[in-house]
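Below: the structure, in structure tokens.
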Amino acid sequence: MTAAIIIEVLGAAQYFMARNSATRELLAKAQRDMQESQRVAKVKTEAETALLNAEQSIHLTLGTPETSYSIAARIIKVNPHIIGVGVAFIPDYYKNKGKGKLFMPYTYDYQPSVVLKGKRTGDPHIKTSIMAFDYTERDWYKTAMEGKRQWTEAYLGAGELKVLMCTYSIPIKDKTGRVAGVLFADISMEDATIIMTNINSDINRSGVITLIIQLVSMLLMGFIIWRAVSASRRYREQFLDPEKDHLIEQVEKMREVNTRLTKRNQELAKKVADLQQRVTSQTSQVSDQHWFG
């Protein structure tokens, strides 16, 4: 009965804890979703504004494309969530630059997960490079080349930028009005990664609490079983075994009594037989005397 009561109490406690945990998690998720939506909207607005402000500067420096490095570095310094800025020029726009007719100068923060606070103080870790992949097949490039502005879906960066990010791109036109390339910015989604980490931590913490409850219940059950076995042994030693010994002793005494009674009955039977024999013998003698007399 005690074990059943404990199991019921622990089961009810686990049920209510799981329900309360689920309720808290739903409320926290709703709050996180709202905060994340507001944060993403703010970050996107800041990135769009930064590229629109830089668009004119890139347009004026198309004759000296190396200037785009300094423009991009300035954008990264003043925008904590922007971790990379580049210009993807159309093939053969610069005859003597790039590789395979493609030229895309790119400036980036090579430690975005470490220097988010550092960038707010104006001290990012900036590198420059010329990207060597075929960017003309990317959606952000194709859409911008059609004169549209686009945000990509979130993805995991490659190389040194192994963080969750998304890309915003706009077209860049030269003096003739022709689209010369695409100006784009990579936006860090570090806060989303932190949120996922917190969710996983909450799930793991709930799992640990459930495991502890189950372990405690198993220990209690083991303790109850041990106490029951011990009590049964003590009861047997104190009551059953002494009573059994007493019964065995009484049975032995009864056997002794029966043995003595049997022996005495045998002796009495022998005496009776002897007496009958004597009586029969005397009767015969008396009859013979009367016959001959």
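The values are calculated or read from the model by the stated rules, or taken from the named source; none is laboratory data. As the structure is a prediction and not an experimental result, all values here were calculated from the model. Quick note on the areas: whole protein, heavy atoms, side chains included, nothing else; ligands and nucleic acids left out. Shrake-Rupley method; radii C 1.70, N 1.55, O 1.52, S 1.80 Å.
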Of the cross-linked pairs K29/K77; K44/K77; K42/K148, which ones have a Cα-Cα span greater than 27 Å in the structure shown?
K29/K77
Would you report the distance distribution of C-alpha pairs in region 133-175 as whole percents per 5 angstrom bin, up to the bin with the largest distance?
5, 21, 23, 26, 14, 7, 2, 1
Report the accessible area of K44, computed with a 1.4 Å probe over the heavy atoms of all protein chains in place, in Å² rounded to the nearest 10.
70 Å²
Average accessible surface area per residue within region 1-102, 1.4 Å rolling probe, Å²
60 Å²
Going residue by residue through region 49-66, the Karplus relation 6.51 cos²θ - 1.76 cosθ + 1.60 with θ = phi - 60° gives ³J(HN,Hα) values, rounded to whole Hz and with x marking Gly or Pro, of 5, 5, 5, 5, 5, 7, 4, 5, 5, 5, 4, 6, 10, 4, x, 10, x, 4
Please list, in chain and number order, the residues 5+ apart from I172 or on another chain whose amide H is under 5 Å from its amide H, with Hs placed from the backbone.
A180, G181, V182, L183
With every protein chain present, what accessible area does L27 have (1.4 Å probe, heavy atoms only), rounded to the nearest 10 Å²?
120 Å²
List the lysines whose Cα lies under 20 Å from the Cα of K95, skipping any in the same chain that are fewer than 8 positions away.
K173, K175
